[in-house]
Structures are given as structure tokens and as C-alpha cells.
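I have placed the structure first, in the form of C-alpha cells, so that the comments after it can refer back to it.
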Amino acid sequence: MRITVCCSDTKVAPWVEGLQAALPEAEVSEWKPGAPPADYAMVWSPPQAFCDDQQQLKGIFNTGAGVDALLKLKLPPDAVVVRLDDAGMSVQMAEFVCHAVIRHFRELDAYERDEAQAKWGFRKPKLRADFPVGVMGLGVLGQRVAQAVASFEFPVRGWSRSPKQVEGVECFSGDEGFRQFLAGTRILVCLLPLTEDTRGIMNRATLSQLLPQAYVINVARGAHLVEDDLLALLDEGHLAGAALDVFRTEPLPPEHRFWTHPKVTVTPHTSARTLREESIAQIARKMRAFSRGEPIAGVVDRKKGY
Ligand code: NAP
Ligand code: GLV
């Protein structure tokens, strides 16, 4: 089995060495233009030149959960695209989103401002029942997040494309379900894949349907959000705030209004990081199974886009 590795924005050598150690029977090397044709690839955001060069690939294993950047390329026609499923990301996402929900609900930012002025003042406790949390996307990450938030006894609802049953979560699906889902949501969490159907899904029309004083947590992709619509709804007072981890342009430009907006919290696309060891172990396991013709999880439906 010959494997080529092409991961942008990271040091490639540890990935090559790690995969080689996990698959001693294979020949693993870093992709360079004109490299010999491989059977499988392990990639993150490769250039189009990589795909043009490796048209014979049978499988492309993405070192992230989202495949939006990969599916923008003209891929080798017969390659099966496989994404990471979980590999240590769902617990990170659960802790990140629970933290954001609780920080907002318990007004911890306001207490931090008080602390800066040595001010000792209580705020009236709020009712969880008034803060229903709605998770868009009930896949590997969304389900874990929804159940983690539910464990803090918030009412939790979830929305997906196909109908789902998730314990402790009120589930909605499809277009009709979307309206009902939004109308009963006060804290909105986006964990959708970025596809043609979901691009710009958080816009003035949809965010206006949320309960008054709603809060937005985007941990999926920047292009899910129409940034100017969010800013307008924050300034008009319909939205109470937003915790944003992903942006249309990354890194977020220094002059962007999100950096200084008092109701917006910014983090640098870090809510659930790819963990190298877990990811290599999962990809190695899947490459072996796939090469034996066995079914594997995380195969992407190229038509659906996720
Ligand atoms: P997943 O398992 O594929 O789940 C996707 C969910 O979205 C599924 O429940 C799916 O519905 C739903 N969905 C897709 N299109 C929809 C539509 N048009 N309408 C309603 N629901 C729709 O993906 P995942 O592993 O949970 O990851 C989700 C996303 O998180 C990734 O694609 C990536 O963009 C993002 N992510 C971000 C970070 C970060 O650090 N910020 C890290 C990892 C991942 P069905 O179940 O009915 O198919
Ligand atoms: C990170 O954003 C991923 O998609 O894994």
C-alpha cells in the first residue's frame, strides 16, 4: 500500500512518521509535485495541484471533520473521501460549547467586568427554562454537544436533515422543523457541515426567528453566518451576544468589528482541534479496513457535501 501525505498549515513530518509507524506494511511519504502515484492519501486542505497529480487515488482521508475545503477541489474521480469522525474532537467541542453556554447564562463576563472595579454585586439567578439551547446539526459532534448541555439541565433541542431520536433532546428535522426549532431557541449552536444548503443559514431572516435576547455560538464554519446580519441584530438588541470560533476570513483581520464588539467573543478556530495521535490511529485503522473491502465510518457523500 502506497500512501501520500499532503497537509497544509502544519509540519508534515510527524504525520508521515506517525502513519508509517501505525502502518509498517505501507510505504508512506510526503507529497511533492511529481511524486509517484499512491493508493491512499492523508490530507488537510491540499492544493489543486495535488489532486491533478494523484488522479489514481482510491481513498482520500481528511485529517479534519469538515470536508468543505476538500470538496471545492476537482478530486480524483474514483477516490472515496473519508472524514475524521470524533477522534477526540467531540469531548473538546462539548466542553467548549458548555463553557460558552454557561458563561452567557451565568453572566460571567459581567462578573469579570465587576472584578476589574473591585465591585461585589450579585445578579439575580436566571431560570434554565428561559434559556432553551438549540443545536443545528445532530451528527457526531452535535449529538455529543446536545447531550453535554442537557446534562446541565438546560432544555435542549436539535435540528438535522433527517429525523433523529436523541435521549434528552427534542429533535426537529427538515424545513418545517427548522421554523419550529428556531422559534423555541434562545441559545443557538451551529454544528452543521458547510454545504450549498447550509451556507449563510444564520442570516437576518433566520436569526430574527429566535427568541428575543438570543445568543449565537458558531463553532462550525464562518460561512454559515452572514456577519453583517449578526452585527445588525446585535446592535438592534434582538440578539444578546455571540461566541464565534470560526470566520469567513481566517485569521480574522485585525480591523474586523468582531474583535472590539462588546457583545462578541472571538476565539481562533480552536473549539475542537485535530489531535494527531488519535487521528493517525483512526486513519490507519480505516485505511487497513478499506483496503480489505470492509465498511468504514465517515465516508463522505460527495453529492450531499458532507
Ligand atoms: P456530521 O457527523 O456529518 O454531522 C452533520 C449534521 O448536520 C448531521 O446531523 C446532518 O443531518 C446535519 N445536516 C447537514 N446538512 C443539513 C441540512 N441541510 N439541514 C439540516 N441538517 C443538516 O458532522 P460532525 O462531525 O458533527 O461535524 C460538523 C461540522 O463541525 C464539520 O463539518 C465542521 O465544519 C465543524 N467542525 C468545526 C471544528 C472547529 O474547531 N471549529 C472542529 C471540527 C468540526 P443528518 O444527520 O440528517 O445527515
Ligand atoms: C476543523 O474545523 C475540522 O473540520 O476538523
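A few notes on this one:
- Legend: ranking of residues PHE247, PHE258 from fewest to most surrounding C-beta atoms inside 10 Å; resulting order PHE258, PHE247.
- Gyration tensor verdict on segment 1-45 (Cα atoms; rounded if a/c is under 1.5, prolate if a/b is larger than b/c, oblate otherwise): oblate
- Relative contact order for segment 175-306, counting Cα pairs under 8 Å that sit 6 or more residues apart, in percent: 21
- Within the straight-line cut-off of under 17 Å between alpha carbons, the aspartates and glutamates reachable from LYS119 are GLU107, ASP109, sequence neighbours fewer than 8 places apart in one chain being disregarded.
- Relative contact order for segment 82-231, counting Cα pairs under 8 Å that sit 6 or more residues apart, in percent: 20
- Subset of LYS164/LYS286; LYS58/LYS164; LYS72/LYS263; LYS72/LYS304; LYS164/LYS304 violating a 22 Å alpha-carbon distance limit: LYS164/LYS286; LYS58/LYS164; LYS72/LYS263
- DSSP-defined beta bridges in segment 160-271 - what % are antiparallel, rounded to 5: 5
- Cα-based shape type of segment 150-287, given that a ≥ b ≥ c are square roots of the gyration tensor eigenvalues and the cut on a/c is 1.5: oblate
- Residue-normalised convex hull volume from the C-alpha trace of the chain: 149 Å³ per residue.
- Protection-proxy order for peptides 39-48, 118-127, 197-206, 97-106, each taking the mean of Cβ atoms within 10 Å per residue, highest first: 39-48, 97-106, 197-206, 118-127
- Rounded to 5, percent antiparallel among DSSP beta bridges of the chain: 5
- Put the Cα centre of segment 15-84 next to the Cα centre of segment 143-159 and the gap is 35 Å.
- Near ALA243, the amide H atoms lying under 5 Å from its own belong to VAL216, ILE217, ASN218, THR265; only residues 5 or more places off or on other chains count, and H is placed 1.01 Å from N.
- For segment 80-204, radius of gyration divided by Kirkwood radius, i.e. Rg to Rh on alpha-carbons: 1.04
- Spatial separation of Cα centroids for segment 202-258 and segment 169-196, in angstrom: 16
- Tensor-based shape of segment 141-182 (alpha-carbon gyration tensor, a/c under 1.5 rounded, otherwise prolate or oblate): prolate
- Per residue, the average separation of C-alpha pairs within less than 8 Å and at least 6 apart gives the chain a relative contact order of 16 percent.
- Backbone geometry of segment 273-289 corresponds, through the Karplus equation with coefficients 6.51, -1.76 and 1.60 at θ = phi - 60°, to 3J(HN,Hα) couplings of 8, 5, 9, 4, 4, 4, 5, 4, 4, 5, 5, 4, 4, 5, 4, 4, 4 Hz, x marking Gly and Pro.
Every number in this text was worked out from the coordinates using simple rules, so none of it is lab data. Every value quoted in this text rests on a predicted model; they were computed, and no experiment measured them. Because the Cβ atoms are built from the backbone with ideal geometry, glycine has one as well, and the counts that use them run over all protein chains shown.
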